[in-house]
Protein chains: 2
Amino acid sequence: MLTDRQLLILQVIIDDFIRSGQPVGSRTLSKKEEISFSSATIRNEMADLEELGYIEKTHISSGRVPSEKGYRYYVDHLLSPQRLTQEDIKKIKSIFAERIYELEKIVQKSARILSDLTNYTSIVLGPAVKDNKLKRIQIIPLNKETAVAIIVTDTGHVENRVITVPASVNASDLEKMVNILNERLLGVPLIELKDKIYKEVANVLRTHIRNYDSMLKTIADTLDVPQEEKMFFAGKTNMLIQPEFSDIQKVRSLMMMIEQEKDFYRLLRKHSKKGIQVTIGRENQLSGMENCSLITATYSVGEEQLGTIAILGPTRMEYSRVITILNRVASDLSTVLTDWYQNN
Amino acid sequence: MLTDRQLLILQVIIDDFIRSGQPVGSRTLSKKEEISFSSATIRNEMADLEELGYIEKTHISSGRVPSEKGYRYYVDHLLSPQRLTQEDIKKIKSIFAERIYELEKIVQKSARILSDLTNYTSIVLGPAVKDNKLKRIQIIPLNKETAVAIIVTDTGHVENRVITVPASVNASDLEKMVNILNERLLGVPLIELKDKIYKEVANVLRTHIRNYDSMLKTIADTLDVPQEEKMFFAGKTNMLIQPEFSDIQKVRSLMMMIEQEKDFYRLLRKHSKKGIQVTIGRENQLSGMENCSLITATYSVGEEQLGTIAILGPTRMEYSRVITILNRVASDLSTVLTDWYQNN
DNA sequence: GTTAGCACTCGGACAAATTGAGTGCTAAAT
DNA sequence: ATTTAGCACTCAATTTGTCCGAGTGCTAAC
């Protein structure tokens, strides 16, 4: 549909605009070494590109800026692959410098390094706890009424909650109960726990424990662990450097959106397809994101997807560089974690 | 030092400026009902007040705005006590509407309500874990090499960490060891744990456990729980509404300061005196805080201070209202928590 | 000691003029 | 049939000048 020359012009416009942030005019373009025809020709081509919706003017006699459609085409077809510098690679490696003990730590560190590397905001979705398998349940009485219930998973993740223990349940009952639970539920993924308790463990409990029913619901509720992955942000203030956010109103709506977390989490969940995903501006369907793009990659252990790493930047983002970095971090993360899980 | 009339004028200037955000001129002042003398007189008085450093001009023929010294005097001597509306009280009560299970939850909720109530940013310093007393230690093996160590405190707080277990330590050793630790350390404040292990428990371990030394350091390190209280923020974006932060540069330096957390935590720790504390603008000695004031109150259980609740706003802050609200929330929080601890 | 009056200052709002980067269109050149 | 040079035109941004209003300081009268 587009001629080679139009593609060339589109690419150069977007590259230049990403670099400078300024609308690009025909004269500027004609001076580029890639371009060997006059500004008048360029003007004609630009008029066509505009008609097709790939570029826009900010006012009637201004240079052109990419439209969302333009960025979309650029991302889908025109990206010039980037190479990482030694320094970049060094920084990425530094994520894995220390021995890993806890998943969350390394995930948090990834977020920090990513924002550092890109100067945008990074968001990392930690591994979903729900797929971890139960290692141990423990209930530790605090006083007559309350106890703290603790769940340990095979990955070393610990969930805990304070619960009320009915007066009718005594310490030995509690202990017996915990033993049964541990016996029956070892290795069960957390998300199936609740179901399993009602279907398989309830019966056993009934035969062994007095008053089992008064505890059953409490226990089941406790084991009903949060479904949502934790979200880690880093570099939230990086967006404030971007010239497109010199308008305090835009900053405000963006920051509120981020602070609210819920909508943003949902958006991120839509990006769970494997590989790199890019959504540009209003494609994100979230107010406050009109001027932002979101790029995500997923990391996995073996074949199983664990989580998502993402970069949030202005639509005028260095797509090429960010994609390269995300790819690299996601793949390194996958390798390291796969290794780690195997020794677990 | 200042005459009554000067005080009156200072107070009215600050009240008006806090309300409007605009420099206050002699004509505006002379129309206030509290004021019964002419604008010329006011001009004379204002010239004096300026000379003494309580007010400033933004340019040579502008109205006056309060200086930091002015705010300081205002806060120390001129505050007109405020009454909370029914609505305010209702919101504050809503913090305590649900049954408390975990301290952190209620502390987080306080932060949310505070920012909601004031339209400024609120920060809450949670109870320091270090003063909690040990309820139970648990070590749960994950595989040959690693285990997760869990510490439960009397308040139901759970700390956990993944540790490496030397191959030479077997499961029964581990169990014995945990038993000894629990026996000897029950009720010890977390901050004293490490010390106590070396001084009192090491000997016992030596006599009962093979290879006790290879574990000792690991255990001691694990029990060396973070000293710092957790900080909860709410309403970070509220500052963006304030007209004094229409300048993106100011927003940026403030936000970076907040994101960094460390300096801000230190500042907050300086506010640990009982009762209300106010620091104004550069008194905070923190870049990014030049245009901000910080007001804090502490909450306690019985006589023991637990934590701090704080409001961060522009120097042009509604001091009176904020102080009233903080006082109320701190006292309610103290009452509820004291009660809660007693039943613990 | 207080106030009215006056000359003066400055910021903000507005309009007019200027500049420069950019466009679209047309006719000539290739 | 493309490409390009040239030209008229547009608009944002900057500069300049003007005016107004809110405010001040000072002085002389009350």
*open to solvent by 30 Å² or more (accessible area, probe 1.4 Å) and in contact with a Gly (Cβ under 6 Å, 6 or more places away or on another chain): does that describe A:Lys262?*
no
*What is the one condition in (1) within 14 Å of chain B (Cβ to nearest Cβ); (2) open to solvent by 50 Å² or more (accessible area, probe 1.4 Å); (3) farther than 30 Å from A:Ile100 by Cα that A:Leu174 does not satisfy?*
(2)
_Among the residues in region B:104-112, are any touching a residue at least 40 places away in the same chain (Cβ under 8 Å), open to solvent by less than 30 Å² (accessible area, probe 1.4 Å) and farther than 16 Å from B:Thr155 by Cβ?_
yes
*Test B:Lys93 against the criterion of being within 28 Å of B:Ile276 (Cα to Cα), in the same structural domain as B:Glu283 (by TED's automatic domain parsing) and open to solvent by 90 Å² or more (accessible area, probe 1.4 Å), and give yes or no.*
yes
_Restricting region B:12-35 to residues that are part of a helix (DSSP H, G or I), away from DNA strand C (no atom under 11 Å from the Cβ) and among the charged types (D, E, K, R), the residue that is most open to solvent (accessible area, probe 1.4 Å)_ = B:Arg19
*Give region A:217-235 a look and list any residue that's part of a helix (DSSP H, G or I) and of a type in the set (Asp, Glu), or say none.*
A:Asp221
*Failed item, numbered, when A:Ile100 is tested on (1) within 13 Å of DNA strand C (Cβ to nearest atom); (2) surrounded by fewer than 19 Cβ atoms within 10 Å (Cβ to Cβ); (3) hydrophobic (A, V, I, L, M, F, W, C); (4) not in a helix (DSSP H, G or I)*: (1)
*more than 13 Å from chain A (Cβ to nearest Cβ), more than 22 Å from A:Lys135 (Cα to Cα) and not aromatic (Phe, Trp, Tyr), is that true of B:Ile180?*
yes
*Can you tell me which residues in region B:71-85 are more than 22 Å from the chain's Cα centre (by Cα) and not in a loop (DSSP other than H, G, I, E, B)?*
B:Tyr73, B:Tyr74, B:His77, B:Leu78
_So for region B:230-244 (the condition being more than 14 Å from chain A (Cβ to nearest Cβ), in contact with a Gly (Cβ under 8 Å, 6 or more places away or on another chain) and open to solvent by 20 Å² or more (accessible area, probe 1.4 Å)), does at least one residue qualify?_
yes
*Filter pass, B:Arg72 being more than 11 Å from DNA strand D (Cβ to nearest atom), away from chain A (no Cβ under 14 Å) and more than 14 Å from B:Leu2 (Cβ to Cβ)*: no
_Can you pull out every residue in region A:193-216 that is touching an Asp or Glu at 6+ places or on another chain (Cβ under 6 Å) and not in a helix (DSSP H, G or I)?_
A:Ile209
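Looking at region B:264-294, which of its residues are in a helix (DSSP H, G or I) and within 14 Å of another protein chain (Cβ to nearest Cβ)? Even if it seems obvious, please write down each step before you answer.
Going through region B:264-294, the residues in a helix (DSSP H, G or I) turn out to be B:264-269, B:281-284.
Answer for region B:264-294, where residues must be in a helix (DSSP H, G or I) and within 14 Å of another protein chain (Cβ to nearest Cβ): just B:Phe264.
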*Being within 12 Å of DNA strand C (Cβ to nearest atom) and at pLDDT below 90 narrows it down to one of A:Ser38, A:Ser80, so name that one.*
A:Ser38
*Subset of region A:121-140 that is open to solvent by 10 Å² or more (accessible area, probe 1.4 Å) and in contact with a Leu (Cβ under 7 Å, 6 or more places away or on another chain) - its residue that is nearest to the other protein chains (Cβ to nearest Cβ)*: A:Lys135
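Yes/no matrix, rows are residues, columns are (1) assigned to a strand (DSSP E or B); (2) out of contact with any Ser or Thr (no Cβ under 8 Å at 6 or more places or on another chain):
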{"site": "B:Arg43", "(1), (2)": "no, no"}
{"site": "B:Met46", "(1), (2)": "no, no"}
{"site": "B:Ile60", "(1), (2)": "no, yes"}
{"site": "B:Val65", "(1), (2)": "yes, no"}
{"site": "B:Lys69", "(1), (2)": "no, yes"}
{"site": "B:Phe96", "(1), (2)": "no, yes"}
{"site": "B:Glu104", "(1), (2)": "no, yes"}
{"site": "B:Asp116", "(1), (2)": "no, yes"}
{"site": "B:Val124", "(1), (2)": "yes, no"}
_Could you list, ordered by first residue, the pairs with Cβ atoms under 7 Å in which the first is in region A:153-169 and over 16 Å from A:Pro226 (Cα atoms) and the second is of a type in the set (Asp, Glu) and open to solvent by 10 Å² or more (accessible area, probe 1.4 Å), at least 6 apart or interchain?_
A:Gly156/A:Glu102; A:Thr164/A:Glu145; A:Val165/A:Glu145
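The values are calculated or read from the model by the stated rules, or taken from the named source; none is laboratory data. Predicted model, so just to flag it, every value in this text is computed and none were measured. Cβ atoms come from the backbone with ideal geometry, glycine included; neighbour counts cover every protein chain shown. When the accessible area is computed, the model is the full protein with side chains, heavy atoms only, and any ligands, DNA or RNA have been set aside. Shrake-Rupley method; radii C 1.70, N 1.55, O 1.52, S 1.80 Å.
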